[in-house]
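Bear in mind these aren't lab numbers, they're just calculated from the coordinates by the rules spelled out. The model shown is predicted, which means the values in this text are computed figures rather than measured ones. Please note: Cβ atoms are built from the backbone with ideal geometry, for glycine as well, and neighbour counts cover all protein chains shown.
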Amino acid sequence: MKSSIKITALIPISFLLFDFFPSISLEAFGPSGSFNHIRILKESFRAFTEETGYEIRADCQEMIVQGNLKSDSEFMNSEGYHCDNNNIFGCGLELRDLKSKSEKTTFFSDSMISIGHATHIIQDFYAHSNWIENHPNQIEIAPLEEPWMLLSMSHIQTGYYNLAPILHHEEEAVECLNLSFEEMQNFFPFATHICLNKDSEKTFRGGGSVESNPNITLHQWAGLHAVEHTKKFLVDAFNSDHKNLNLCLISKKLSFSCNNSIFKLRNE
Ligand SMILES: [Zn+2]
């Protein structure tokens, strides 16, 4: 009992330290996990082809990947780009804005970059929120593109990366680390990014298993949700006749799946 108290006393210091080194904690779907942003995109592009019969040209895939990865470098401190700080409504609005930018922009490359940023938001949402704890049995896509629908889901949250709102609530923030899988399904007022994120198997939550399926880690479950939602985002754009994405499409019959294969070779 005594030793557990000592360990608990050290936790606030350690998680504060983690948050003072953003490169450690904001690396959503970071390279140390089995699912990273590149893998999620690759799998989404393939699933897109299966569903629509069209491949996305390899150069367009590359620009989308670059846009996605830039969110963690150039836009590291924009919370909306990473669905952090319990502002899910804000990240939904950012997603809508990027989607509309990608449709309206004059420059084709800007459009692809905006699609990349948008897919980053979608992917980070599942790694940073308690959505997957609330959907342990089958993949359920969150209505991020219609964020007002999330306002009625008050139990869904993301964690604080910016620690200002939890100052003077350190004890509650540490308490979050003791919550069980089931308890994580509820809203917890002072949850930090460290307590919630599943960016890799090595994060506090990421290596844990889904209660109803012990063979799958929370990181993998977040990754599978991210693939499904990214594919849906692309298919929705295809169905709504997205003019810039349309320029990237090649019928699978004509391409012999070359574009997806070329992209498969891309270094992770
Ligand atoms: Zn991110």
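Sum up the charges of everything whose Cβ sits under 12 Å from the Cβ of Trp221, counting Lys and Arg as +1 and Asp and Glu as -1, but leave Trp221 out. For residues surrounding Trp221, the net value is -3. For the chain, the dipole from Cβ point charges (+1 on Lys and Arg, -1 on Asp and Glu) about the Cα centre works out to 820 debye, to the nearest 20. Looking at the chain as a GNM with Cα springs under 10 Å, which of His120, His155, His168 has the largest mean-square fluctuation? The residue with the greatest mean-square fluctuation here is His168.
Counting other Cβ atoms within 10 Å of each Cβ, which trypsin sites (Lys or Arg not before Pro) in the stretch 196-238 have at most 13 and sit in a DSSP loop? Here the trypsin sites (Lys or Arg not before Pro) that fit, given the DSSP loop and packing criteria, are Lys202. P(r) tail, the stretch 98-185: Cα-Cα pairs separated by more than 20 Å, 52% of all pairs. Taking 4.7 Å between C-beta atoms as the pairing limit, the chain has these partnerless cysteines: Cys258. For Tyr54, the residues whose modelled amide H falls within less than 5 Å of its own, excluding neighbours fewer than 5 places apart on the same chain, are Lys252.
Give me the net charge for the shell around Asn134: Cβ to Cβ below 15 angstrom, other residues only, Lys and Arg +1, Asp and Glu -1. Before the final figure, lay out the partial values.
On the way: positive: Lys198, Arg205; negative: Glu133, Glu140, Glu182, Glu183, Glu211.
Combined, the nearby Lys, Arg, Asp and Glu give -3.
For the cross-link pairs Lys101/Lys202; Lys70/Lys104; Lys104/Lys202; Lys198/Lys252, which exceed 30 Å when the distance is taken from alpha carbon to alpha carbon?
Details: Lys101/Lys202 35 Å; Lys70/Lys104 21 Å; Lys104/Lys202 40 Å; Lys198/Lys252 35 Å.
Exceeds cut-off: Lys101/Lys202; Lys104/Lys202; Lys198/Lys252.
Can you give the calculated 222 nm mean residue ellipticity of the chain, where each DSSP H run of n ≥ 4 adds -39,500 (n - 2.57) and the sum is split over every residue, rounded to the nearest 500 deg cm²/dmol?
Details: 13 runs with 142 residues, N = 268.
The helix contribution divided over the chain gives -16000 deg cm²/dmol.
Using only the Cα atoms of the chain, build the gyration tensor, take square roots of its eigenvalues as a ≥ b ≥ c, and label the shape rounded, prolate or oblate: rounded if a/c is under 1.5, else prolate if a/b is larger than b/c, else oblate. Taking the square roots of the gyration eigenvalues as a ≥ b ≥ c, the chain is prolate. For the options Glu133, Glu182, Glu103, a Gaussian network treatment of the chain with springs between C-alpha atoms closer than 10 Å singles out Glu182 as fluctuating the most. Working note: Karplus 6.51/-1.76/1.60 with θ = phi - 60° gives the stretch 210-216 the couplings 5, 4, 7, 9, x, 7, 10 Hz, where Gly and Pro are set to x. Coupling constants for the stretch 49-65 follow from the phi torsions by the Karplus curve (6.51 cos²θ - 1.76 cosθ + 1.60, θ = phi - 60°), and in residue order they are 4, 4, 7, 9, x, 10, 9, 8, 3, 4, 5, 5, 4, 5, 5, 5, 4 Hz; glycine and proline get x.
If you run the Gaussian network model on the chain, springs between alpha carbon atoms under 10 Å, then out of Asn36, Asn215, Asn77 the most flexible one is Asn215.
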